1. Name every residue in segment A:138-166 that is outside any helix (DSSP H, G or I) and either over 18 Å from residue B:250 (Cβ atoms) or in the same structural domain as residue A:357 (by TED's automatic domain parsing) (or both), in order of residue number.
2. Just checking, how many residues over segment A:374-386 are within 20 Å of the chain's Cα centre (by Cα) and touching a residue at least 60 places away in the same chain (Cβ under 8 Å)?
3. Does segment B:251-273 hold any residues that are away from every other protein chain (no Cβ under 11 Å) and either over 30 Å from residue A:143 (Cα atoms) or more than 17 Å from the chain's Cα centre (by Cα) (or both), and which are they?
4. Name the residue that is surrounded by the fewest Cβ atoms within 10 Å (Cβ to Cβ), counting only residues in segment A:392-413 that are over 15 Å from residue A:381 (Cα atoms) and in contact (Cβ under 8 Å) with a residue 12 or more places away in the chain.
5. Please specify each residue of segment B:225-245 satisfying the condition of being without any contact (Cβ under 8 Å) to a residue 40 or more places away in the chain and buried (at least 23 other Cβ atoms within 10 Å of the Cβ).
6. May I ask you to list pairs of residues, at least six apart or on different chains, whose Cβ atoms are under 7 Å apart, with the first in segment A:270-295 being farther than 12 Å from residue A:333 by Cα and within 14 Å of chain B (Cβ to nearest Cβ) and the second being surrounded by fewer than 18 Cβ atoms within 10 Å (Cβ to Cβ) and at pLDDT 90 or above?
7. Suppose we filter A:264, A:212 for residues that are away from every other protein chain (no Cβ under 14 Å), touching a helix residue (DSSP H, G or I) at 6+ places or on another chain (Cβ under 6 Å) and either within 30 Å of residue B:233 (Cα to Cα) or exposed (fewer than 13 other Cβ atoms within 10 Å of the Cβ) (or both); which single one remains?
8. Residue B:88 - would you say it is under 17 Å from residue B:144 (Cα atoms), buried (at least 19 other Cβ atoms within 10 Å of the Cβ) and out of contact with any strand residue (DSSP E or B) (no Cβ under 8 Å at 6 or more places or on another chain)?
């Protein structure tokens with residue numbers, strides 16, 4: 001039976017998406033839930049799954065086509081079934097003009113072969129493609145999503161031939177087909193460096209950590225063609241629009257305050273000694289939790305500027321700015337006030353990782369009232385961040401450094417961090433913001449309470 | 001730190017709490033003059049007298065009912081049921097009266113009582129004296145179930161249970177009474193609902209309680225010799241359950257073996273399996289394995305008895321099934 005596959009809606013703010021890659025080809029057998037293709041929005045890469053079982057009869061949107069939500073992109077039906085002409089016509093209207101021509105051409109070229117080939121897979125398929133679903137553990141699927149590894153074609157070595165996490169990790173490493181030290185691989189994953197492109201200086205050309213670090217520095221200054229105008233990626237364009245909107249429409253003011261992070265540093269050390277393989281708690285995680293707690297106390301900060309007024313929020317959702325090669329994303333830690341630090345650590349690690357591989361779903365980067373952004377790791381002492389329009393404020397964290405301070409009449413060396421709050425004056429006045437910031441500071445200076453609940 | 005036996009730890013907990021709070025008293029079959037079937041109340045009558053250490057008639061229903069009534073009247077009874085197998089006779093009083101009283105009277109009464117009992121196989125004393133019936137009680141709302149594996153936990157948990165306002169079934173293990181372990185001289189309490197990680201590892205999580213926690217630990221040592229690092233979680237309390245500790249461990253290892261000396265089908269560990277698949281589904285790398293006792297009355301023959309209950313070898317084998325790779 002002929003079934004239409006349309007471009008899914010992926011969130012309130014997404015109205016077009018680009019076909020990134022067809023995973024299934026015309027003539028392929030598909031099961032319910034099989035991934036048909038991958039699409040990209042301005043922020044994420046997502047998989048389109050089939051709602052139907054049958055054969056992928058016709059692809060109506062070529063890779064690279066940018067289409068509106070709801071557009072017809074493919075037809076699934078029984079093997080050999082004819083695709084009705086009116087559907088082909090609908091695709092012709094639905095697709096952007098520049099894609100209409102190749103689609104029509106492809107239709108002419110494959111109209112005859114497709115039905116002719118269809119019976120062949122039906123009989124030859126069983127041994128070749130092992131029909132039915134891919135057997136993989138949930139953990140392997142999760143890891144594959146993180147690493148961008150396709151499960152198709154992997155050999156499972158787990159119980160019953162199931163694909164397990166180790167298979168996925170090994171495939172990802174084999175795909176790079178490079179000899180590299182484990183530390184180099186780890187750094188490469190973190191920095192987003194392609195190991196295959198790195199010249200190794202270790203024994204037998206093995207890629208070492210320093211090679212990856214050098215490559216990461218080199219990548220920061222890529223070869224430049226003078227005079228070349230680089231077209232904007234979707235993300236670059238969104239960043240440009242949002243930040244310009246912020247600077248042009250938001251009357252912003254800036255509050256700077258020092259916070260003594262000595263206690264946080266020692267508590268963090270204790271916690272991480274007991275991490276026992278779990279994600280380590282970062283300074284950001286402490287700040288996120290402190291902000292969550294403070295948001296609960298200050299409803300005026302826990303608000304968003306929306307059409308028609310100021311929206312008060314109940315839950316304390318805190319965004320974390322994550323730098324990417326081509327821009328940045330702000331995944332949101334939900335209910336940051338109520339979660340244990342370890343859970344926040346686990347979530348931020350996971351969200352940042354998936355932000356870098358563009359695997360966040362829209363719900364994971366919407367709904368925040370404020371953002372935490374940290375440039376301390378680059379040695380920045382203080383900076384003025386730009387408010388993400390809609391949010392009430394953004395907190396910029398500088399480097400934590402040993403500074404000499406006066407305490408109890410004497411001189412002491414403490415771990416001090418300077419933080420700067422940029423706030424939208426339309427919904428948040430200076431005195432409230434200052435008290436909010438003071439509360440965050442107090443929470444960080446007596447952090448035991450953050451660790452306890 | 002001094003080493004004492006599990007049964008001494010139980011006795012010390014009782015004595016300390018009786019000295020601390022005069023509302024605490026002990027009763028049960030042969031607990032006073034004889035000192036308890038497994039010697040866990042030895043010497044108490046000498047110190048506290050027959051009023052506070054009471055031998056009762058052979059009627060588990062009467063023991064549990066009297067304890068329930070005394071608790072409602074403001075006492076803090078610790079009653080002993082000689083074998084968990086005999087809890088069937090005490091069940092109505094414990095489950096229907098003690099467990100529901102606070103709820104049904106809108107919180108106007110509490111029932112701060114502890115039923116101490118013991119279970120488990122190992123002495124070839126057959127089908128009426130060797131069972132592990134904790135799963136019957138984890139099914140009952142309103143009661144807690146606590147099952148310590150070490151002298152340290154036995155003492156610290158029993159003291160906590162006596163001070164708690166809920167009816168609690170405290171199940172000791174008959175094969176552990178003579179086991180020794182370090183117990184500090186100074187006072188301490190072990191909180192309810194907090195599991196203990198007995199061994200850390202990143203390859204597979206073994207969850208057990210009571211004697212099975214020790215066997216899981218043994219299995220962990222054996223696996224380590226083969227290069228497999230197992231993490232061993234001792235639940236200590238079945239209710240309240242420290243599910244977070246289990247979830248944290250499973251998120252780390254991706255593999256789980258749950259162990260219980262109770263009968264396999266509808267065992268309490270099935271509840272753990274349900275929660276793990278619900279809250280850590282995306283972290284599982286292999287189907288969860290359970291290692292429980294055979295679904296038959298516990299045999300009297302030593303050979304068959306050993307065959308019927310989980311051993312360290314069986315636990316290690318289950319761990320290997322979760323780790324198997326057909327390379």
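1. Those that are outside any helix (DSSP H, G or I) and either over 18 Å from residue B:250 (Cβ atoms) or in the same structural domain as residue A:357 (by TED's automatic domain parsing) (or both): A:148, A:149, A:150, A:151, A:152, A:153, A:154, A:155, A:156, A:157, A:163.
2. 1
3. The answer is B:256, B:257, B:260, B:261, B:262, B:263, B:264, B:265, B:266, B:267, B:268, B:273.
4. A:405
5. B:231, B:232, B:233
6. So the pair list comes out as A:276/B:200; A:277/B:202; A:279/A:349.
7. That would be A:264, the only listed residue that is away from every other protein chain (no Cβ under 14 Å), touching a helix residue (DSSP H, G or I) at 6+ places or on another chain (Cβ under 6 Å) and either within 30 Å of residue B:233 (Cα to Cα) or exposed (fewer than 13 other Cβ atoms within 10 Å of the Cβ) (or both).
8. Here the answer is no, as residue B:88 does not meet what is asked.
The values are calculated or read from the model by the stated rules, or taken from the named source; none is laboratory data. Computed from a predicted structure; not experimentally measured. Cβ: placed from backbone, ideal geometry, glycine included. Neighbour counts: every protein chain shown.
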